[in-house]
Amino acid sequence: QITLKESGPTLVKPTQTLTLTCTFSGFSFSTSGMSVNWIRQPPGKALEWLALIYWNEDQRYNPSLKSRLTITKDPSKNQVVLTLNNLDPVDTATYFCAHGSPSLDAFDIWGQGTTVTVSS
Amino acid sequence: QSVLTQPPSASGTPGQRVTISCSGSSSNIGTNYVKWYQQVPGTAPKLLIYSNTYRLSGVPDRFSGSKSGTSASLAISGLQSEDEADYYCAAWDDSLNGHVFGTGTKVTVL
């Protein structure tokens, strides 16, 4: 059974850097084609894909945020870390991590999400 | 900022059929698979449809997906009260080299 859980600060100040951790179980980075993705959702707005890291460490980023995002993995801890720098209040959102299934080519399992508020 | 366009709302009475459209371009829907996600407000999205038309195991067969050219649709037949939720389409975009989501459609059961 695959599970994912996001963790990180709930309140951060503008210009600071946000670090979020996705801790997962039920799969590993040894599965060819799999990925872990980060998606966010501002209050009352649509989902926005942010970044992914593949089993082979290849990374992809949302072009509109690429300069501010970094995604890394720690297979020994079953974790994926996302950092977003130079925060602005518009970055206030619920941040989700999701398992990218290579067989379904879709986000088949999602974490519960973690809410981050950017405010001074 | 969403690349895929959906109507903001759709509604129907119990038992009716509701269809949600998703309009994209040749770089996303035109060449890649479409997925559909259901999100009850306050909860994480759930995968309903993958590879344009395939239901995830456990998803009721009243949900169906289709794709034609650069557009896709999600149909809910025999609408039920528990179908009241937000629905998002998604696809890989070859130009952006990343995933894109639709603008989202809120389905209301009258």
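The values are calculated or read from the model by the stated rules, or taken from the named source; none is laboratory data. From a predicted model like this one, the values you see are computed outputs, not experimental measurements. Because the Cβ atoms are built from the backbone with ideal geometry, glycine has one as well, and the counts that use them run over all protein chains shown. For the accessible areas, the whole protein counts, side chains as well, though only heavy atoms, and no ligand, DNA or RNA atoms are used. Shrake-Rupley method; radii C 1.70, N 1.55, O 1.52, S 1.80 Å.
Before moving on, here are some points about what is shown:
- Residue count for segment B:1-53, restricted to those that are without any contact (Cβ under 8 Å) to a residue 40 or more places away in the chain and more than 30 Å from A:I2 (Cα to Cα): 1
- Only residues that are within 29 Å of B:P8 (Cβ to Cβ) and more than 11 Å from the chain's Cα centre (by Cα) were counted across segment A:69-100, and they come to 8.
Table: residues versus (1) surrounded by 15 or more Cβ atoms within 10 Å (Cβ to Cβ); (2) out of contact with any Cys (no Cβ under 7 Å at 6 or more places or on another chain); (3) part of a strand (DSSP E or B).
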site: B:N52; (1), (2), (3): yes, yes, no
site: B:D61; (1), (2), (3): no, yes, no
site: B:G65; (1), (2), (3): yes, yes, yes
site: B:L79; (1), (2), (3): yes, yes, no
site: B:E82; (1), (2), (3): no, yes, no
site: B:D86; (1), (2), (3): yes, yes, yes
site: B:S95; (1), (2), (3): no, yes, no
site: B:H99; (1), (2), (3): yes, yes, yes
site: B:T108; (1), (2), (3): no, yes, yes
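- Taking the criterion of being of a type in the set (K, R) and over 20 Å from A:L69 (Cα atoms), the only residue of segment A:9-45 that qualifies is A:K45.
- Set side by side, the residues A:S35, A:S30 differ, and just one is more than 25 Å from B:P41 (Cβ to Cβ), more than 14 Å from chain B (Cβ to nearest Cβ) and among the polar types (S, T, N, Q), which is A:S30.
- Taking the criterion of being more than 7 Å from chain B (Cβ to nearest Cβ) and more than 16 Å from the chain's Cα centre (by Cα), the residues of segment A:101-116 that qualify are A:P102, A:S103.
- Number of residues in segment B:16-50 that are among the hydroxyl-bearing types (S, T, Y), within 17 Å of B:D83 (Cβ to Cβ) and assigned to a loop (DSSP other than H, G, I, E, B): the value is 1.
- Meets criteria (within 10 Å of chain A (Cβ to nearest Cβ), touching a strand residue (DSSP E or B) at 6+ places or on another chain (Cβ under 6 Å) and of a type in the set (A, V, I, L, M, F, W, C)) for B:L56: yes
- Among (1) without any contact (Cβ under 8 Å) to a residue 60 or more places away in the chain; (2) open to solvent by 10 Å² or more (accessible area, probe 1.4 Å); (3) of a type in the set (G, A, S) - the single one B:A75 does not satisfy: (2)
- Criterion violated by A:G111 - all others in (1) more than 28 Å from B:C89 (Cβ to Cβ); (2) open to solvent by less than 10 Å² (accessible area, probe 1.4 Å); (3) not basic (K, R) satisfied: (1)
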